C-alpha cells in the first residue's frame, strides 16, 4: 500500500500502482493530489494594503471637499437672505362719478380708492382738465351746522383699506370750471398718490338722483 502524499512519480504511475494492488485483492482508495495556489508574497500583500489605503484617503479627501463646498453654499445663502419688506402700495380707483353743475361755478367728484398694497399710501393732490383748481375737501358738522374744510395734506389710505369720497363727507371740489358739467358727458382727472404715483381716470357725469 502506497502512503498518501508519498512522492512516487507522475499521477499515471500512481494510478498504475493502485490498479496493480487492486488486483492483489487490497481495496485501496484512489487519491488525487491537487496542487494548491501559491500563497501571495509579502510584497504583493503590502502593495494591496497600500492601494487600499490610498483609495480610502482619496475618498475621505473627496468627502471633506464636498462638505466644505456645501457649508460654503449654505453660508452664502444665509447671508444673502434679506428680511421681508412690505409690498409697495398699489391703489385702485373705482366708482368714480360727478354730478351736473346746474349753472354753479363749482363741481364735485366722488370715488373709492382701494389700497391693495402692503404699505400705507396717501392721496395728496388732484388736477382736472375742466377746472382751474381741484382740492381735497371734507364736509363736517360743527356747532349744529355743516362746515366744509380743506385738507391740503391729503387723505391717508392704510394698507388693505379704502378711501371713500362721497356726498356729505370727503370729496374733491372743482372750482373755476371751463364749462358746464352736463349729464352724460365726461372729463379727465389725475390723482397723485404718495406711493402709487399718478392715476389717470375718466369721470362720467351722472344725473342727480331724487
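No value in this document is a laboratory result; all are computed from the given coordinates. Nothing here was measured: the structure is a model prediction, and the numbers come from that model. Please note: Cβ atoms are built from the backbone with ideal geometry, for glycine as well, and neighbour counts cover all protein chains shown.
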Given the Cα-Cα distance of residue 124 and residue 186 and 0.36 nm per residue of separation, how much length would full extension add, in nm? 20.0 nm
Hey, rough spin-label estimate for residue 153 and residue 71, points 7 angstrom out along Cα→Cβ, what's it come to in nanometres? 5.5
If the chain between residue 178 and residue 201 were fully extended at 0.36 nm per residue, the gain over the current Cα-Cα distance would be 6.4 nm
